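The values are calculated or read from the model by the stated rules, or taken from the named source; none is laboratory data. Here the structure is a predicted model, which means the values were calculated and not measured. We place every Cβ from the backbone using ideal geometry, glycine too, and count neighbours over all the protein chains shown.
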Amino acid sequence: MLNKYLSIKPEIESALKNGDPVVALESTIISHGMPYPENIKTAREVERIVRDNGAIPATIAIINGKLVVGLDEDELELLGKGKNIVKASRRDLPFIIAKEMNGATTVAATMIIAAMAGIKVFATGGIGGVHRQAQETFDISADLQELSNTNVAVVCAGAKSILDIGLTLEYLETQGVPVVGFGTDEFPAFYTRKSGYKVDYKVDSEIELAKAIKAKWDLQLKGGLVIGNPIPYEYEMSYEEINKAIENALMEADNNGIKGKEATPFLLSKVKEITAGKSLDSNIQLVYNNARLAAKLSVELSKLY
């Protein structure tokens, strides 16, 4: 039945059949996370980094109502420049398919489609989470629920600093989702290496991490893992500077009534504006860093299956 909806690029399908390493990549970063042409340039570079580190990249999106695993150049350009690209999470998938629309997949939707295809490792920028003032708005990303249900390991630079990181980690603990720090005891906060919150486990090698992931799924402990991979030191932003920019952006969003799925793109755009573009540079570099780790992890995990 899935074949009716799912289209996997032949190179990726062959790799999966052979048990070769494959890394899933999301597409909202292309259509909603960065301006053109930086978005296309970054997407191509991420795919190159995955290949250079021994794995096959599988950028995921919805094209004309089809769940596509592995995009060609025209499809990348469509996502980067196209109009009416829907930001697609779990709830959106059936309607985008039915209407034969184009959609860019969030962390949640990318996890779902990656799992359908049989991809175990996914690299992104940062996961969604519990938004600030969620006790009043109930604004909690579908990413967190997906992490508790879908067997995909997510390599990220932590949660975006625009979120309530403490509540995000509490939610993940409640859902039984392991939060791992790669080479760090502290959960990273996207633009910065520090958040003030500890991870559940620190892991220092891809081999150790791959063994833990396999053990989790061998034991039929349903759900994914969050692998916090801190932004490299040389691209880290000042903790005080980024938090001041976020506070100003949040205030403007509140004053303009911007909520829900529109909030994150607005806030990231405002933070970029306030920081004179430094946040975009950091964003690009942390994505590259996550792609390297995800590819190496996928290589080690493929050896265990």
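Would you please list the contacts, defined by Cβ atoms under 6 Å and residues six or more apart or on different chains, that run from a residue in segment 201-220 that is free of Cβ contacts under 8 Å to residues at least 24 places away in the same chain to a residue that is surrounded by fewer than 16 Cβ atoms within 10 Å (Cβ to Cβ)?
As it stands, the answer is Lys202/Asp185; Asp204/Gly183, since those pairs meet every condition given.
Within segment 94-110, identify whether any single residue is in contact with a Phe, Trp or Tyr (Cβ under 9 Å, 6 or more places away or on another chain), surrounded by 22 or more Cβ atoms within 10 Å (Cβ to Cβ) and not basic (Lys, Arg), and answer yes or no.
Yes, segment 94-110 has at least one match.
Which of the residues spanning segment 194-210 are surrounded by fewer than 17 Cβ atoms within 10 Å (Cβ to Cβ), among the small types (Gly, Ala, Ser) and at negative phi?
Correct list: Ser205 only.
Residues checked against (1) crowded, with 22+ Cβ neighbours inside 10 Å; (2) assigned to a helix (DSSP H, G or I); (3) of a type in the set (S, T, N, Q); (4) modelled with pLDDT of 95 or more:
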position: Ala212; (1), (2), (3), (4): no, yes, no, yes
position: Ala215; (1), (2), (3), (4): no, yes, no, yes
position: Gly223; (1), (2), (3), (4): no, no, no, yes
position: Glu241; (1), (2), (3), (4): no, yes, no, no
position: Gly257; (1), (2), (3), (4): no, no, no, no
position: Lys272; (1), (2), (3), (4): no, yes, no, no
position: Val287; (1), (2), (3), (4): yes, yes, no, yes
position: Ser298; (1), (2), (3), (4): yes, yes, yes, yes
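What's the number of the condition Lys87 fails, among (1) part of a strand (DSSP E or B); (2) farther than 23 Å from Glu262 by Cβ; (3) charged (D, E, K, R)?
For Lys87, the exception is condition (2).
When residues of segment 13-34 are filtered for being free of Cβ contacts under 8 Å to residues at least 40 places away in the same chain and either of a type in the set (Gly, Ala, Ser) or assigned to a loop (DSSP other than H, G, I, E, B) (or both), how many remain?
Going through segment 13-34 one residue at a time, the tally reaches 1.
Let me confirm something: among Phe122, Phe138, which residue is of a type in the set (Phe, Trp, Tyr) and at negative phi?
Testing whether each residue is of a type in the set (Phe, Trp, Tyr) and at negative phi leaves just Phe122.
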